[in-house]
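I am attaching a structure below and will ask some questions about it afterwards.
The values are calculated or read from the model by the stated rules, or taken from the named source; none is laboratory data. Since the structure is predicted, the reported quantities are computational estimates derived from the model, not experimental observations. Heads up, the Cβs are rebuilt from the backbone with ideal geometry, glycines too, and the neighbour counts pull from every protein chain shown.
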Amino acid sequence: MSITVRVIGIGPGGPGQLTLDAVDAIGATDVFLLLDKGSRVAELNTLREELVARYGRDGHRVVRVPDPPRDRDPVDYGAEVRRWHRARGDALEALLRTELSDGQSAAFLVWGDPSLYDSTLRIVDELRDRDGLSLDVSVIPGVTSAAALTAAFGITAQGIGQAVHITTGRRLAQTPAGADANQIVMLDSHLAFTETAADDDHVYWGAFLGTEHQLLISGRVGEVAESIAQARRRGREEHGWIMDIYLLRRASGRQPGGDGA
């Protein structure tokens, strides 16, 4: 069974951030596969379906499958994520075999860019090894949430000659010494910077980037950390979900890897 699979980056959420390549890819696809995470985040799938309705060709179909459950606080994080990926792969394999015919195309719509803290490409790679499936995979890059964040604030991600470290909230405390001048932090439900950063460090925080719900707060950590925490709580309560990201910039003059107290 030969299937074309497109992994399409659709940006952080604003329809205007969809690239022309993504529009073309959506228009060339037969079946769109959505992992459904339930009513709490229904708005996310609604946004995807609006893009498909706007740019999809006549006769396209959208097929949902319940996203397998995942332990968000496991003893072994890596093992749990690998188990979850396998379960997702099993669910998606079943859809490919039952919902598509030989020679048709399927697509996944991925928030931001498929290469940056997203599991879709790993799952698709694993599906290639399954018996009886021949997948021709193409990846369409998307506007990243990191790019949307710096654009929203009108800033560069780094100073002259400096580097940028991209990490997650779970790993923020493990940033190597000397790599903390400019850090873009994703997937941080606990706002780890409140425990690792110095009061004089600067944070640029954004949520729902590019959408009508966009939230932006920036300033010295000691002055805005509580405002960010409150805005994050309100955003999650109001919408049932939140996607946020921040740039943490070390205060001028503070030594790399210095004490954040």
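What is the one condition in (1) in a loop (DSSP other than H, G, I, E, B); (2) crowded, with 18+ Cβ neighbours inside 10 Å that Leu33 does not satisfy?
(1)
Tally time: how many residues in segment 89-111 are among the charged types (D, E, K, R) and touching a Lys or Arg at 6+ places or on another chain (Cβ under 9 Å)?
First, pick out the residues of segment 89-111 that are among the charged types (D, E, K, R): 90, 93, 97, 99, 102.
Filter once more, so that each one left must be touching a Lys or Arg at 6+ places or on another chain (Cβ under 9 Å): 93, 99.
Total meeting the criteria: 2.
Exactly one condition in (1) buried (at least 16 other Cβ atoms within 10 Å of the Cβ); (2) out of contact with any Pro (no Cβ under 9 Å at 6 or more places or on another chain) is false for Asp24; which is it?
Looking at each condition in turn, Asp24 falls short on (1).
Got a sec? Which of Asp125, Asp131, Asp113, Asp136 is surrounded by fewer than 19 Cβ atoms within 10 Å (Cβ to Cβ) and touching a residue at least 24 places away in the same chain (Cβ under 8 Å)?
Asp136
On to the next question. Please identify the pairs in which a residue from segment 57-78 that is basic (Lys, Arg) has its Cβ atom under 6 Å from the Cβ atom of a residue that is surrounded by 11 or more Cβ atoms within 10 Å (Cβ to Cβ) and not in a strand (DSSP E or B), counting only partners at least 6 apart or on another chain.
Arg57/Gly27; Arg70/Trp84
Test of understanding: among Phe108, Phe153, which residue is in the same structural domain as His239 (by TED's automatic domain parsing) and of a type in the set (Phe, Trp, Tyr)?
Among Phe108, Phe153, only Phe153 is in the same structural domain as His239 (by TED's automatic domain parsing) and of a type in the set (Phe, Trp, Tyr).
Could I ask something else about it? Check segment 145-167 and report whether any residue there is at pLDDT below 95, within 20 Å of the chain's Cα centre (by Cα) and under 25 Å from Pro12 (Cα atoms).
No, segment 145-167 has no match at all.
It is to be established whether one or more residues within segment 39-50 are more than 20 Å from Pro12 (Cβ to Cβ), over 16 Å from the mean Cα position of the chain (by Cα), modelled with pLDDT under 85 and surrounded by fewer than 12 Cβ atoms within 10 Å (Cβ to Cβ).
Restricting attention to segment 39-50, the residues satisfying the condition of being more than 20 Å from Pro12 (Cβ to Cβ) are 39.
Cutting the leftovers down to over 16 Å from the mean Cα position of the chain (by Cα) gives us 39.
Remaining after also requiring modelled with pLDDT under 85: 39.
Imposing the further condition that a residue be surrounded by fewer than 12 Cβ atoms within 10 Å (Cβ to Cβ) reduces the set to 39.
Checked against the condition, which is being more than 20 Å from Pro12 (Cβ to Cβ), over 16 Å from the mean Cα position of the chain (by Cα), modelled with pLDDT under 85 and surrounded by fewer than 12 Cβ atoms within 10 Å (Cβ to Cβ), segment 39-50 yields at least one hit.
Restricting attention to segment 187-217, and to residues there that are of a type outside the set (A, V, I, L, M, F, W, C), in a loop (DSSP other than H, G, I, E, B) and more than 19 Å from the chain's Cα centre (by Cα), which single residue is nearest to Ala147 (Cα to Cα)?
Asp201
State which residue is surrounded by the most Cβ atoms within 10 Å (Cβ to Cβ) when the search covers only segment 150-201 and only residues that are more than 27 Å from Asp73 (Cβ to Cβ) and touching a Ser or Thr at 6+ places or on another chain (Cβ under 7 Å).
So, considering only residues that are more than 27 Å from Asp73 (Cβ to Cβ) and touching a Ser or Thr at 6+ places or on another chain (Cβ under 7 Å), the one surrounded by the most Cβ atoms within 10 Å (Cβ to Cβ) is Thr150.
Show the residue pairs that are 6+ apart or on different chains and have beta-carbon atoms under 7 Å apart, the first residue being within segment 203-221 and free of Cβ contacts under 8 Å to residues at least 60 places away in the same chain and small (Gly, Ala, Ser), the second being assigned to a loop (DSSP other than H, G, I, E, B) and surrounded by 19 or more Cβ atoms within 10 Å (Cβ to Cβ).
Ala207/Ile242; Ala207/Met243
A further question follows. Sort through Ala53, Ala87, Ala106, Ala94 and tell me the only one that's more than 25 Å from Ser134 (Cα to Cα) and either modelled with pLDDT of 95 or more or small (Gly, Ala, Ser) (or both).
Checking each option against the conditions leaves just Ala53.
Any residue that is in contact with a helix residue (DSSP H, G or I) (Cβ under 9 Å, 6 or more places away or on another chain), outside the structural domain of Leu47 (by TED's automatic domain parsing), in a loop (DSSP other than H, G, I, E, B) and modelled with pLDDT of 95 or more - is there at least one of those in segment 218-235?
No, because not a single residue in segment 218-235 is in contact with a helix residue (DSSP H, G or I) (Cβ under 9 Å, 6 or more places away or on another chain), outside the structural domain of Leu47 (by TED's automatic domain parsing), in a loop (DSSP other than H, G, I, E, B) and modelled with pLDDT of 95 or more.
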